[in-house]
Amino acid sequence: MSEIKYYNFLKNQNGFTIVEMIVSVSIVVLLTGLFLANYHAINKRSEINMVAQKMLSDIHLAQSKSLSLEEYGVDNIPLGGWGIHLVEGESGYIIFADDNGDKEYNIGEADETMGAKNISMTNVVISNIDLDNSLDIIFLPPNPTVYFNGESGQAFNITLSDGESEKNIAINFLGVVDVEN
């Protein structure tokens, strides 16, 4: 009789069976896998958004340097204002002073000790620039007049890519900049 009582005692115990445990653990593992896969995709999109916002900020910085007549070095206000030099396929760009006033980037106009900046973008490249494979955006005070590759009165789109997603930066002839998508 004691064996029957012991069997009834075990039968009435509350708890999980091995099958219930395996199913529960499998569900937790599946949900964790889905979360991690989605986390990496969100992280990549976040990275290209941050780079696009940084570029937008740097375009505004060049505009601000030009409007405030910031010097390039000591006692040297650039004749052509300040600008940004972009090259398709590159993972960086340059904020430079158009020292000679020719409305384009020249070697020697990006000396970081004099106020220029070389910016690199991690895991992101400039994948497309409307109409050309390089673009010099110059802001000439006091208005500021905006020049694209030496000409005013245009608008351009710059596409950034990380290999999986893209972001477009639009800049018009008034110097208004916007991140699209």
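The values are calculated or read from the model by the stated rules, or taken from the named source; none is laboratory data. Worth saying up front: this structure is predicted, and the values here are computed from it rather than measured. Positions of Cβ are generated from backbone atoms using ideal geometry, with glycine treated the same way; all protein chains shown enter the neighbour counts.
Here are a few things to note about the model shown:
- Filter pass, Glu71 being part of a loop (DSSP other than H, G, I, E, B), at pLDDT 90 or above and in contact with a Gly (Cβ under 8 Å, 6 or more places away or on another chain): yes
- The number of residues in segment 66-88 that are at positive phi and not acidic (Asp, Glu) comes to 3.
- A single entry from Glu70, Glu20, Glu104, Glu88 fulfils the requirement of being outside the structural domain of Val176 (by TED's automatic domain parsing) and charged (D, E, K, R): Glu20.
- Verdict on Lys65 being modelled with pLDDT under 90, assigned to a helix (DSSP H, G or I) and among the basic types (Lys, Arg): no
- Test: residue in segment 14-22 that is more than 32 Å from the chain's Cα centre (by Cα) and at pLDDT 90 or above: yes
- Answer residue from segment 90-125, given it is hydroxyl-bearing (Ser, Thr, Tyr) and closer than 11 Å to Asp136 by Cα and is farthest from the chain's Cα centre (by Cα) among those: Tyr105
- Matching residues, segment 117-153, being at pLDDT below 90, touching a Phe, Trp or Tyr at 6+ places or on another chain (Cβ under 7 Å) and of a type in the set (D, E, K, R): Asp130
- Once segment 144-181 is narrowed to residues that are surrounded by 15 or more Cβ atoms within 10 Å (Cβ to Cβ) and among the charged types (D, E, K, R), the residue that is nearest to Leu56 (Cα to Cα) is Lys167.
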